[in-house]
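To start, the structure itself, in structure tokens.
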Amino acid sequence: MLIREGNERNQSIDLRLAGLLSLVAGALNAAGFELAGLFSANMTGNISAMADNLAKGGWGAALLFGLVVVVFILGALVAGLLIEAGRQRGKRRIYAAVVAMEAVILILTGLAALAGLTGGDGVGIICMLAGVLGMQNAVSTRISRARVRTTHVSGMATDVGLSLAGLCMRSEESARYRSLLALHCTTISAFLVGGVLGVVLHRLAGPVTFLCCGLLLALIALPEMLRR
């Protein structure tokens, strides 16, 4: 799931990747909103909120929304640099290593939050989540050649519409459209389910949510890193 790239991947591998990583992304995004009223995965919404606050003179809020966007980009940048460096050295497990890095960050953040070391407003945690989700989206986008994007629900919804249009036309590519439709619907559904679970778990256990997400990513990444 985190070893094969591009055309080496099949539908089953992409579905598992989309389902698991979108589940985590949805949970983190929703838990972050419960904590601080900010989305760590919704860059469209953050840019819109930034523009709204700039127009109304809310410079502090605009800066905060802009910061979340910048951190998300930096997370994707770090993941991209690590992936390219690993690929140049023939390290096929670099994708799993980046996901394992995300897991460590989440686990440490959860432990820090439980110890009361993260501050009361949750802004630090939101920035951490944005960075982690930027890394995760970069991994899924790069390894699947943009077929799987685990935080980009707007794009997936657009692709669902395009796939349905292709099926309605009954073209020679119907099989490909069915495959894409299944993949994009899986991504959206997993993100939704993850969001519900993230809210419920955060209300019940608070920062333990981040520990659980980190452990799930570790369970995904470690077996891939141990493959020959």
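We did not get these values from a lab; they are worked out from the coordinates using the rules stated. These numbers come from a predicted model, not from an experiment. Because the Cβ atoms are built from the backbone with ideal geometry, glycine has one as well, and the counts that use them run over all protein chains shown.
In deg cm²/dmol and to the nearest 500, what is the mean residue ellipticity at 222 nm of the chain if only DSSP H runs of at least 4 residues count, each as -39500 (n - 2.57), divided by the residue total? Don't jump to the answer; show the numbers that get you there.
Values: 8 runs with 178 residues, N = 228.
So the helix-based figure for the chain works out to -27500 deg cm²/dmol.
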**Message:** Output the 0 to 90 degree angle, nearest 10, between the alpha-carbon long axis of helix 11-36 and the longest principal axis computed from the alpha carbons of the chain.
**Reply:** 10 degrees
**Request:** With everything on Cα atoms, drop me the angle between helix 94-114 and the longest principal axis of the chain, reported from 0 to 90° to the nearest 10.
**Result:** 30 degrees
**Prompt:** Where the eigenvalues come from the Cα gyration tensor of the chain, what are the semi-axes √(5λ) of the equivalent ellipsoid, largest first, in whole Å?
**Reply:** 29, 22, 17
**Item:** Semi-axes of the equivalent ellipsoid for segment 144-205, Cα gyration tensor, largest first, Å
**Value:** 29, 11, 8
**Request:** State, as an integer percentage, the relative contact order of the chain based on alpha-carbon contacts under 8 Å between residues 6 or more apart.
**Result:** 37 percent
**Request:** Using Cα centres only, tell me the gap between segment 142-186 and segment 110-131 in whole Å.
**Result:** 35 Å
**Message:** Only four residue types carry charge here, +1 at the Cβ of Lys and Arg and -1 at the Cβ of Asp and Glu. Report the dipole size of segment 6-225 about the Cα centre in Debye, rounded to the nearest 20.
**Reply:** 560 debye
**Prompt:** Helix 153-168 sits at what angle to the longest principal axis of the chain, using alpha carbons and giving 0 to 90 degrees rounded to 10?
**Reply:** 20 degrees
**Prompt:** If we restrict to alpha carbons, what Rg and Dmax does segment 45-156 come to, in Å?
**Reply:** 16.0, 51
**Complete:** In the chain, taking the dipole from +1 charges on Lys and Arg beta carbons and -1 charges on Asp and Glu beta carbons about the Cα centre, the listed residue (GLY86, ILE107, VAL160) farthest towards the positive end is GLY86
**Asked** For segment 43-48, in order, what is each residue's ³J(HN,Hα) by Karplus, 6.51 cos²θ - 1.76 cosθ + 1.60 with θ = phi - 60°, in whole Hz (x at glycine and Pro)?
**Response** 6, 4, x, 5, 5, 5
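Which of the GluC sites (Glu not before Pro) found in segment 155-228 are loop residues per DSSP with 16 or fewer other Cβ atoms within 10 Å of their Cβ?
Numbers: sites: GLU172, GLU173, GLU224; in loops: GLU172, GLU173.
Taking segment 155-228 and a limit of 16 other Cβ atoms within 10 Å, the loop GluC sites (Glu not before Pro) found are GLU172, GLU173.
In segment 87-156, which trypsin sites (Lys or Arg not before Pro) fall in coil by DSSP and have 10 or fewer other Cβ atoms within 10 Å? Before the final figure, lay out each step's value.
Numbers: sites: ARG87, ARG89, LYS91, ARG92, ARG93, ARG142, ARG145, ARG147, ARG149; in loops: ARG89, LYS91, ARG92, ARG93, ARG145, ARG147, ARG149.
Answer in residue order: ARG89.
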